[in-house]
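One structure is given below, encoded as structure tokens.
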Amino acid sequence: MSETTAPGATAPEYRPDRKKRSRHVYNLVGLVTFVVMAFPVYWLVVSALRPNNEIRSYDQKLWPNSVTFDNFRRAIDAPNFGTAIQSSLIICVTAVLGAMVLSTIAAFAIGRFRFAGRKAFMIVLLVVQLLPPTAMLIPLYIQLNDLGAINEYWGVIVIYLVTTLPFATWMIRGFVVNIPLELEEAAMVDGCSRMGAFWRVVFPLLAPGLAAASIFSLINAWNEYLLAYIVLQDNDKYTLNVWLMNFTTSHGTDYGALMAASTMIAIPVVAFFMIVQKKMAAGLTSGAVKG
């Protein structure tokens with residue numbers, strides 16, 4: 001029975017829209033989270049534009065009293081800046097491309113074929129992800145030393161490639177299992193081989209997954225410091241993150257040049273992320289639907 005209001009009685013007061021109030025709370029939490037996460041980046045850029053006397057001053061302000069680009073000049077003029085860029089590009093690009101090729105093949109095998117030890121292999125991939133790199137530092141150094149890979153680019157490339165493979169394989173596998181098997185079968189009926197069906201049908205559909213996996217792999221390789229510092233020993237082979245040590249000497253730390261160099265190092269990854277962010281977001285959502 002429907003409730004009716006008695007004659008002369010006032011209509012009941014309705015509570016405020018709870019959904020609208022909850023939306024405001026969520027927006028506020030999101031805004032606070034964004035400010036907390038973005039403030040270190042803002043302070044990094046602002047410090048790169050401050051003169052050194054302001055950086056060392058106890059009276060810090062949110063915006064510098066004067067802006068200078070001398071910090072960037074000193075960072076660019078620092079020794080081995082060009083070789084550090086070259087080392088980072090060689091190591092990171094090679095490691096990411098190699099990881100994408102191997103992880104795509106492994107993900108396709110896991111997602112499409114049923115073989116003995118398949119589940120055990122997938123569990124091993126997860127377990128390897130749980131191990132921190134620092135826990136494997138000494139065994140890795142001993143193995144690389146036995147192979148003659150110390151102070152060689154390919155030693156760091158192998159480490160980055162191997163540490164990237166488990167995550168990339170799991171991510172790309174989520175896309176492989178979402179691609180209908182009937183598409184491959186239709187291509188093979190039309191005359192394609194199994195490999196031809198993969199390259200012409202499956203591989204183009206894996207583009208969002210490859211974009212998502214590659215950006216994560218690139219960020220991990222580009223920002224890694226400890227392993228590169230241990231394996232590479234010559235100043236002219238240091239990556240950019242190891243090269244930042246040049247600004248800390250026995251006479252003190254040049255904070256202005258250090259902040260400027262850190263800002264320049266972050267620009268390539270941020271630019272690459274902005275280019276592929278749409279495909280990356282689509283890859284993360286579609287790859288997590290099934291599997």
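The values are calculated or read from the model by the stated rules, or taken from the named source; none is laboratory data. This is a predicted model, so every value here is computed, not measured. Note that we place each Cβ from the backbone using ideal geometry, even for glycine, and neighbour counts take in every protein chain shown. What goes into the accessible areas is simple: the full protein's heavy atoms, side chains included, and nothing from ligands, DNA or RNA. Shrake-Rupley method; radii C 1.70, N 1.55, O 1.52, S 1.80 Å.
Things worth noting here:
- Residues that are open to solvent by 40 Å² or more (accessible area, probe 1.4 Å), part of a helix (DSSP H, G or I) and not basic (K, R) within region 211-251 comprise F216, I219, N220, N223, L226, Y229, I230, N235, D236, M245, N246, listed in sequence order.
- Checked against (1) open to solvent by 70 Å² or more (accessible area, probe 1.4 Å); (2) within 23 Å of I265 (Cβ to Cβ), N71 passes all but condition (1).
- Count - residues of region 43-57 that are more than 12 Å from V67 (Cβ to Cβ) and touching a residue at least 40 places away in the same chain (Cβ under 8 Å): 4
- Beta carbons closer than 6 Å, at least 6 apart along the sequence or on distinct chains, pair a first residue in region 139-153 that is closer than 18 Å to Y238 by Cβ with a second that is in a helix (DSSP H, G or I) and of a type in the set (G, A, S) for L144/G155; A149/G155.
- Filter pass, I90 being at pLDDT 85 or above, in contact with a Lys or Arg (Cβ under 8 Å, 6 or more places away or on another chain) and not small (G, A, S): no
- Options L144, L165; residue that is in contact with a helix residue (DSSP H, G or I) (Cβ under 9 Å, 6 or more places away or on another chain) and closer than 16 Å to L226 by Cβ: L144
- For region 46-78, residues that are under 17 Å from F247 (Cα atoms) and in contact with a helix residue (DSSP H, G or I) (Cβ under 6 Å, 6 or more places away or on another chain) total 9.
- Options A213, A228; residue that is closer than 19 Å to A84 by Cα and modelled with pLDDT of 85 or more: A228
- 3 or more residues open to solvent by 30 Å² or more (accessible area, probe 1.4 Å): qualifying helices (runs of 4 or more DSSP H) within region 104-210: 118-130, 137-147, 153-176, 181-189
- Restricting region 41-68 to residues that are part of a loop (DSSP other than H, G, I, E, B), more than 14 Å from D254 (Cβ to Cβ) and hydroxyl-bearing (S, T, Y) leaves a set whose member that is most open to solvent (accessible area, probe 1.4 Å) is Y58.
- Residue match in region 31-40 (condition: under 23 Å from V242 (Cα atoms), without any contact (Cβ under 8 Å) to a residue 40 or more places away in the chain and open to solvent by 50 Å² or more (accessible area, probe 1.4 Å)): yes
- Beta carbons closer than 8 Å, at least 6 apart along the sequence or on distinct chains, pair a first residue in region 253-265 that is open to solvent by less than 10 Å² (accessible area, probe 1.4 Å) with a second that is of a type in the set (D, E) and in a helix (DSSP H, G or I) for G256/D70.
- Residue within region 79-95 that is without any contact (Cβ under 8 Å) to a residue 12 or more places away in the chain and more than 19 Å from the chain's Cα centre (by Cα) present: yes
- Put simply, of R23, R18, R56, R73 the only residue that is under 30 Å from G256 (Cα atoms), at pLDDT below 90 and either out of contact with any strand residue (DSSP E or B) (no Cβ under 8 Å at 6 or more places or on another chain) or not small (G, A, S) (or both) is R56.
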